[in-house]
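Here the structure comes first, spelled out in structure tokens, and everything after it is commentary.
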Amino acid sequence: MSFYLHILASELSKTYLTLLRTKELHAFITKTHLACDPFYATRIVRLYSINSRLNYARHVFDKTPNRSVYLWNSIIRAYAKAHKFGNALSLFFTMFGTETLPDNFTYSCIIRVCAENFHRERLKLVHGRVLASGFGLDPICCSALVTAYSNLDLIEDASKVFDVMPHPDLVMWNSIISGFGYCGFWNQGLLLFSRMRNLGGHPDGYTVVGVASGIAEPSLLSTGKGIHGFCLKCSLDSNEHVASALVSMYSRCNCMYSAYLVFISLIQPDLVTWSALITGYSQSGDFWKALFFFQKLNMQGMKPDAILIASILAAAAQSANIRPGIEIHGYALRQGIDSNEMVSSSLIDMYSKCGYLSLGIRVFHIMQRKGIVAYNSIIWGMGLHGLASKALESFEELLDIGLMPNESTFSALLCACCHAGLSSVGKAIFRRMRNEFGIKYRTEHYVYIVKLLGMSGELEEAYNLVLSLPEPVDSGVWGALLSCCDACGNLELAEIVAQKLLENNPHKMAYRVMLSNIYAGEGRWDDVKKLRDTMTEKERGKLPGLSWI
DNA sequence: GTAGGGTTAG
């Protein structure tokens, strides 16, 4: 008996205990009437939660007459961890009718729940309750609020919470700095980083990960190097989170060599850092290196997980060669992660890009739960293979099962219509995208619709559409129009469009070459010569294509 | 109460 009590009271029960042992302890406290004590009930609830037995946990909670705030927090956290947000929220609201009011830990858990479920309005409501309960300056509630608001892209609200704190602690600083980085305001994050240091704060791993994750484009490379320097100076670079954040930061800056140097400086990089490197190579187009490092990782006896498999399949898809993809598929099957939604979606994409759409369709059909990414992948695949009507059928199917299409869905559909020359269907899809689904058009959507109109001879409509767009119109859109003019032989419009393009991109040769080709097609050799004279010898001398075959 | 790698698209 004292043995059971010892386990329940000690630190041991905070860590993992098997389901069997948990049931044993549960039986013990029931038999000895200790189950009425909220202290023991809380322990059992936590243990059931760790063992993913929510129903048992709830049963213990329901049977406990005197519920402490710890017990409430444990059951709410259990629901939150299991993504049962409705249950977590309803229990939270039930608390207000009881004698036990939520404490700062209850609030922080609910705040997180709201953010994970994109409940902006509910988050504000909970924030109101935080203030009313006197937790407006509580560091635990406030850091959770800052993170939640940032994750919902409400950085101004996050800032307001931070600004009222008279003496923000380290977690608070980290939350707001990561928030700015996450929302793309890397410069604001850096400013706060220096402010923190000027006030005598000591940045830790969380802080530098926060600033590094905001560095997302090659023009920020020197800033990124500065952050790396700081990590070296403070010996933070051996922290696994920091190291992988640095590897991805350099990858985003197109600086794979620096990413590689950070990687090899580690004695024992973990799976996430390996993934960061491999994904970096894959996304920068160096799929052979990605595949090479994937092989190396396997030879070192590390076990890739679903995220890494999905990532490496994207590299395999680029190779346009079925072999690596098939091998990885085999691996995923053996590991039992082929049914993971992310993995399946990238398998569909890999097969269709490597020319085996039928295999992609097979993967799609055997998927248990299909999300929007899986549908997008199959729609892209069908479109690429010229099966526009099949792509449209899949679109209707995803709507039927209640999925919400996104930007990529519409790019895929418009691309499918383009390939098949389905101009009126494409136009209808383009309209539905905004009117029915409220999705904003992006450059690629304009490019597709212009191509669709232009290639089906509706050049005038395409031109008017481009003119109606808010300035500045991306040169990709004008470029699409120019190539349609070329295809339709509309010299008049081609000149106008090319002029527009050359005004904005005087140094881009491709547009001059296109215009020159149009002149040549019409036999206007004088104009060709004039245009060609504006190019230097080097610019004209394009290397002809070579083939081994 | 805060952190790293993410499949489809550009």
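Taking 7 Å steps out from each Cα toward its Cβ at A:I264 and A:A320 produces label points 3.1 nm apart. Placing unit charges on the Cβ atoms only, positive for Lys and Arg and negative for Asp and Glu, gives chain A a dipole magnitude near 1420 debye about its Cα centre. To the nearest 0.05, what FRET efficiency results for A:R129 and A:L502 with a Förster distance of 51 Å applied to their C-beta separation? Step by step, r from the Cβ atoms, then E = 0.30.
Order A:169-176, A:325-332, A:266-273 from most to least packed using the mean count of other Cβ atoms within 10 Å. List each step's numbers first, then the result.
Details: A:169-176: 21.5, A:325-332: 18.9, A:266-273: 14.9.
With the highest mean Cβ count within 10 Å placed first, the list reads A:169-176, A:325-332, A:266-273.
In chain A, helices alone account for a calculated mean residue ellipticity at 222 nm of -22000 deg cm²/dmol, with every DSSP H run of four or more residues adding -39,500 (n - 2.57).
Partner lysines whose Cα lies under 22 Å from the Cα of A:K508, excluding those fewer than 8 positions away in the same chain, are identified as A:K451, A:K500, A:K529, A:K530, A:K538, A:K542.
To the nearest 20 Debye, how big is the dipole of the stretch A:181-269 about its Cα centre, given +1 on the beta carbon of each Lys and Arg and -1 on that of each Asp and Glu? Walk me through the numbers on the way to the answer.
Working: 5 positive and 4 negative charges, 45 e Å.
Taking the Cα centre of the stretch A:181-269 as origin, the dipole is about 220 debye.
For chain A, the per residue solvent-accessible surface stands at 52 Å², with DNA, RNA and ligands left out and a 1.4 Å probe. Projecting label points 7 angstrom from Cα along Cα→Cβ for A:Q368 and A:S389 puts them 3.5 nm apart.
Here's the list of lysines a cross-link from A:K31 could span, going by alpha-carbon distance under 18 Å and ignoring same-chain residues fewer than 8 apart: A:K23, A:K63. The length gained by stretching the chain between A:K84 and A:F3 to full extension, at 0.36 nm per residue less their Cα-Cα distance, is 25.7 nm.
By accessible area, using a 1.4 Å probe on protein heavy atoms only, the stretch A:181-269 has 56% of its surface on carbon and sulfur. Couplings 3J(HN,Hα) for the stretch A:450-457, derived from phi with the Karplus relation 6.51 cos²θ - 1.76 cosθ + 1.60 (θ = phi - 60°), are 5, 4, 4, 5, x, 6, 9, x Hz, where x marks Gly and Pro. Taking all Cα pairs closer than 8 Å and separated by 6 or more residues, the relative contact order of chain A comes to 4 percent. Under the simplified labelling scheme, the A:L271-A:T98 pair shows an inter-label distance of 3.7 nm, with each label point 7 Å from Cα along Cα→Cβ.
With θ taken as phi - 60° and the Karplus curve 6.51 cos²θ - 1.76 cosθ + 1.60 applied, the whole-hertz 3J(HN,Hα) list for the stretch A:402-418 is x, 7, 9, x, 10, 3, 5, 4, 6, 4, 5, 5, 5, 5, 4, 5, 4 Hz, x standing for glycine and proline. Taking trypsin sites (Lys or Arg not before Pro) across the stretch A:430-515, the ones in a DSSP loop with at most 11 further Cβ atoms lying within 10 angstrom of their Cβ are A:K440. Taking the longest Cα principal axis of chain A as reference, the axis of helix A:357-366 is set at about 20 degrees.
Are any of the pairs A:K289/A:K390; A:K84/A:K296; A:K160/A:K370; A:K353/A:K440 more than 30 Å apart by Cα-Cα distance, and if so, which?
Details: A:K289/A:K390 35 Å; A:K84/A:K296 39 Å; A:K160/A:K370 39 Å; A:K353/A:K440 27 Å.
Long pairs (Cα-Cα over 30 Å): A:K289/A:K390; A:K84/A:K296; A:K160/A:K370.
So how do A:413-419, A:90-96 stack up, highest first, on mean other-Cβ count within 10 Å?
Details: A:413-419: 25.3, A:90-96: 15.3.
Ranked by mean Cβ neighbours within 10 Å, highest first: A:413-419, A:90-96.
Couplings 3J(HN,Hα) for the stretch A:209-214, derived from phi with the Karplus relation 6.51 cos²θ - 1.76 cosθ + 1.60 (θ = phi - 60°), are 4, x, 6, 5, 6, x Hz, where x marks Gly and Pro. Within straight-line reach of A:K81, meaning a Cα separation under 18 Å, sit the following lysines at least 8 residues removed in sequence or on another chain: A:K14.
The values are calculated or read from the model by the stated rules, or taken from the named source; none is laboratory data. Quick caveat: nothing in here was measured; it's all calculated off a predicted structure. Backbone-built Cβ (ideal geometry, glycine too); neighbour counts: all protein chains shown. SASA here: full protein model, heavy atoms, side chains in, ligands and nucleic acids out. Shrake-Rupley method; radii C 1.70, N 1.55, O 1.52, S 1.80 Å.
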